[in-house]
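Here the structure is laid out as structure tokens; the discussion comes afterwards.
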Amino acid sequence: MRVAITGGTGFLGRHLTSYLGALGHDLVLIQRTDLIGGPDQISKLIKTSDVLINLAGSPVIKRWNKSNMQEMRESRIHTTNLLVEALIKMPSTEQPSLFISVSAIGIYDSSGLHKENSLQFADNFLARLCKAWEVCLDPLQKGSIRLCSIRLGIVLGPDGGMMGRLIPLFKMALGGKIGSDKQPFSFIHYHD
């Protein structure tokens, strides 16, 4: 199977590409520099791929100042829009049959339990970002490509993400509990 991936060098992307590569799949890693070429360049890269996986996005584990928030937004919205535009321009015979695009559980408000069909969205930066990110897929809704938008929580693993930031602190005896110790903590391990 031929799999094209954006965000393949990020925390989750590294693990996914390693796993898929070990299974013998043909991988096409779409780099940031490839995005400069626009939809035409992207179309050439994903041509005849069976699956397109969009993991692109600047990490949210950083100070949320105006510049970083703009980077978080651009890295998700711009990239997803380019992918969608590239797919629309491609002949259907060359399109992947499946497009998996991640989003985040940050779309939901912080009260109650949520399922994937929950409509209790928050009204903050992360929720608005997730909504805008998912709306990018709308032009593909009536096409022949199967769409999967996956809302991930915190992805855990010892070599990156949240744990990559916390483990060194605990090793220096600077760790402590996070929050009130009563809040829910939605997560997924990178193996999952």
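Here, each number is a calculation from the coordinates, and none is a lab measurement. These numbers were taken from a predicted model, which means no experiment stands behind them.
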**OP:** Can you tell me the alpha carbon radius of gyration of the range 1-111 divided by the globular rule-of-thumb value 2.2 N^0.38 Å?
**Re:** 1.11
**OP:** Calculate the length of the line joining the C-alpha centroid of the range 76-101 to that of the range 9-47, in whole Å.
**Re:** 13 Å
Original post:
Two-decimal Rg/Rh of the range 81-149 from alpha-carbon positions, Kirkwood Rh?
Top reply: 1.06
Original post:
Normalized C-alpha radius of gyration of the chain, against 2.2 N^0.38 Å?
Top reply: 1.08
Subject >> Rg/Rg_ref, the range 1-62, where Rg_ref = 2.2 N^0.38 Å and atoms are Cα >> reply: 1.12
**OP:** Quick one: of LYS44/LYS142; LYS131/LYS177; LYS44/LYS115, which pairs are farther than 28 Å apart, Cα to Cα?
**Re:** LYS131/LYS177; LYS44/LYS115
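Tell me what the chain gives for mean residue ellipticity at 222 nm when only DSSP H runs of n ≥ 4 count, each as -39,500 (n - 2.57), the sum divided by the residue total, rounded to 500 deg cm²/dmol.
Value at 222 nm, helices only, nearest 500: -11500 deg cm²/dmol.
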